[in-house]
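K.L.:
First the structure, which I've put down as structure tokens, then a few questions once you've had a look.
Only the coordinates and a few stated rules stand behind these numbers; no lab work does. Owing to the predicted nature of the structure, the values given are computational and were not obtained by experimental measurement. So basically every Cβ, Gly included, is an ideal-geometry build from the backbone, and we count neighbours across all protein chains shown.
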Amino acid sequence: MVKKVVFTYVWVLFMLVACGVGGKKVNSEEWKMQPVAGVCDTVFVDIMDVRNPFVRYVREDDCYYMVGDGGYMWVSKDLCSWVGPYNVIDHDTVSWVGASPVITSPEIHEFANKYYCMATIETAEHHSCAMFVADRITGPYKTIDSESFMLDTAEVAGFPTFCKDEYDYGYMIYNHSGEQSGDGTVQVVMLNENFGRRLGEAFVMFRASQVPWSYKVENGERVKSSVIESPYIVYSGKDGFGVLFTAYAGDEKAVGVAYSETSMLNGPWIIEEEPLLRGYGSASLFDDYDGTPVMVVSKDTIINGVEKSVPRFFKTDLQFEKLQIKGNYKF
């Protein structure tokens, strides 16, 4: 890891000049990531402000790629210092997404030699999920199907994530807002061959009201919270199959996990009696350079009087039936 840290300074200088990396070598006529506001910056992770961070390590590049709210991307060699932000989503403005949507909770998944970016999209008319595709992790991510709404246009939905079954069928897992339904749900829907449309209707995996430790305080009384967000599939042990999620334990976020009794999407799902982490949210996993599974979460904190959502990393162990958190990531 020392080698990585030393090399970072040379690499950062290159990035500030080039402002375009990822995958194969490119020439000036090919796509390069576009810096937001035309400027690249270098930021250390402990003072970053990236809500809903999601990380992927690409071995061919020996780089970490992080996306977060806004649909922006950051790039790092060591998880400690990051260069960005870059615009990487080049969506179809004639689709329902429109010209200037609010993009939040993006994730990037690799499948069949392509990269798929799914995100929450908010416009004046809709609050839903969309899927984009690119040939390389750095984009550009293009709209797959301009005529597809993916979900019911009246449904307030968000935080999409991807999984596939043993037959390589793709599924989108997302949450239906508790503010609309009265009881937030984690739901799953099958996707078509190119992942641009849904096949059939979504079904409920589990509900916010089933989370034993989740509550809010109203007029001095503890009541069940209707909020459940940020689902993410985890595989552990031989047959362990779970979903990470974020809910509220009083006035703070917490990361919980539910496990499928059948190791199948249709459950039944058993939610752990206590959260994995308190004070954190938006949990997901990625494989580190040495294959170690690492959890990235967000931590709302105040830095120099400014509220920020700072990425935090935890080493985990997936060898057992249930996910184990081994401690803070050591840079």
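K.L.:
Starting from 0.36 nm per residue, how many nanometres of slack lie between Val204 and Asp135 once their C-alpha separation is accounted for?
P.N.:
21.6 nm
K.L.:
Test of understanding: what is the full-extension gain from Asp287 to Gln319, defined as 0.36 nm times their sequence separation minus their Cα-Cα distance?
P.N.:
Between Asp287 and Gln319, full extension yields 10.2 nm more.
K.L.:
What does the net charge come to around Gly196 if you take all other residues with beta carbon closer than 10 Å to its beta carbon, with K and R at +1 and D and E at -1?
P.N.:
My count for the surroundings of Gly196 gives -1.
K.L.:
When only C-alpha pairs under 8 Å and at least 6 residues apart count, what is the relative contact order of the chain, in percent?
P.N.:
Reported relative contact order: 13 percent.
K.L.:
Right, next: Within 15 Å, Cβ to Cβ, of Gln210, how many net charges do the neighbouring residues add up to if Lys/Arg are +1 and Asp/Glu are -1?
P.N.:
Overall, the nearby charge balance is -4.
K.L.:
Next question, about the same structure. Bin by bin, in steps of 10 Å, what percent of the Cα pairs in region 262-331 do you find, going until the bin that has the longest distance?
P.N.:
Going out from 0 Å in 10 Å bins, region 262-331 shows 16, 41, 31, 10, 2 percent.
K.L.:
If you don't mind, there's one more thing I want to ask. At a temperature of 25 °C and a viscosity of 0.890 mPa s, determine how fast region 99-232 diffuses translationally according to Stokes-Einstein, using the Kirkwood radius over alpha-carbon pairs as Rh; express D in µm²/s, rounded to the nearest whole number.
P.N.:
In µm²/s, the coefficient rounds to 156.
K.L.:
Turning to a different aspect of this structure: Return the calculated 222 nm mean residue ellipticity for the chain, to the nearest 500 deg cm²/dmol, obtained by summing -39500 (n - 2.57) across DSSP H runs with n ≥ 4 and dividing by the residue count.
P.N.:
So the helix-based figure for the chain works out to -2000 deg cm²/dmol.
K.L.:
Here's another thing I want to ask about it. Once you put a point 7 Å from the Cα of Ile47 and another 7 Å from the Cα of Lys216, both along the Cβ direction, what distance in nm separates them?
P.N.:
3.4 nm
K.L.:
Under a point spin-label approximation (7 Å from Cα along Cα-to-Cβ), what is the Asp92-Asp183 distance to one decimal in nm?
P.N.:
3.8 nm
K.L.:
Are any of the pairs Lys238/Lys330; Lys299/Lys322; Lys32/Lys322 more than 30 Å apart by Cα-Cα distance, and if so, which?
P.N.:
Listed pairs above 30 Å: Lys32/Lys322.
K.L.:
What number comes out for the charge environment of Gly242, summing +1 per Lys or Arg and -1 per Asp or Glu over other residues with Cβ under 13 Å away?
P.N.:
So the surrounding residues net to -3.
K.L.:
Given the alpha-carbon gyration tensor of region 2-328, what are the semi-axes of its equivalent ellipsoid in whole angstrom, ordered largest first, with each equal to the square root of 5 times an eigenvalue?
P.N.:
30, 24, 20
K.L.:
When the Cα centres of region 249-300 and region 95-143 are compared, how far apart do they sit, in Å?
P.N.:
So the two Cα centres are separated by 23 Å.
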